[in-house]
Amino acid sequence: MKARPRVGNQYQQENAPGVAEDEARVRHLHRSVETPFQNFGDCLQTEEFTDLEPDVLEYKYYAPGIGLVKTLDAPAAARYRGWRMCNWRRRRSPV
């Protein structure tokens, strides 16, 4: 992760072809997170994924001055949340 992350930054976490090819993307910079220990504000949220396991997606939350405070598993479909399905039709050419 970069020293000054921005939303949308993507980076490799592991690079062992065919064994570990984990990547992460910064999703939010100022999230609030509840944990059994306490609530944290101003957390950085990442989504972590790998092409080796396309059905696995994790969200991780990092609190300033502490580090990782929470990990959530999410369905792979969450990766596409917000995308719209388009119905592509060939238009008739004007005559």
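A short reminder: the numbers here are calculations on the coordinates, not readings from a lab. All values reported here derive from a predicted model rather than from experimental measurement. Here the Cβ is made from the backbone with ideal geometry for all residues, glycine too, and neighbour counts use every protein chain on show.
Using R0 = 25 Å, the C-beta based FRET efficiency linking I66 and V19 works out to 0.25. In terms of surrounding Cβ atoms within a 10 Å radius of their Cβ, V56, V33 rank from fewest to most as V56, V33.
Length gained on full extension, L29 to Y11, computed as 0.36 nm times the residue gap minus the Cα-Cα distance: 4.9 nm. Applying a DSSP loop filter and a limit of 13 other Cβ atoms within 10 Å to the GluC sites (Glu not before Pro) in region 7-50 leaves E14.
Residues in region 17-34 carry Karplus couplings, in order, of x, x, 10, 8, 10, 6, 10, 9, 9, 6, 9, 8, 9, 9, 9, 9, 9, 9 Hz; the curve used is 6.51 cos²θ - 1.76 cosθ + 1.60 with θ = phi - 60°, and Gly or Pro positions show x. Each of F49, G65, N15 was placed along the dipole of region 10-76 (beta-carbon charges, centred on the mean Cα), and the one lying farthest toward the positive end is G65. Cβ crowding within 10 Å, taken as a proxy for footprinting-reagent exposure, orders R6, R25 from fewest neighbours to most as R6, R25. By the count of other C-beta atoms within 10 Å, a proxy for reagent exposure, E58, E53 are ordered fewest to most as E53, E58.
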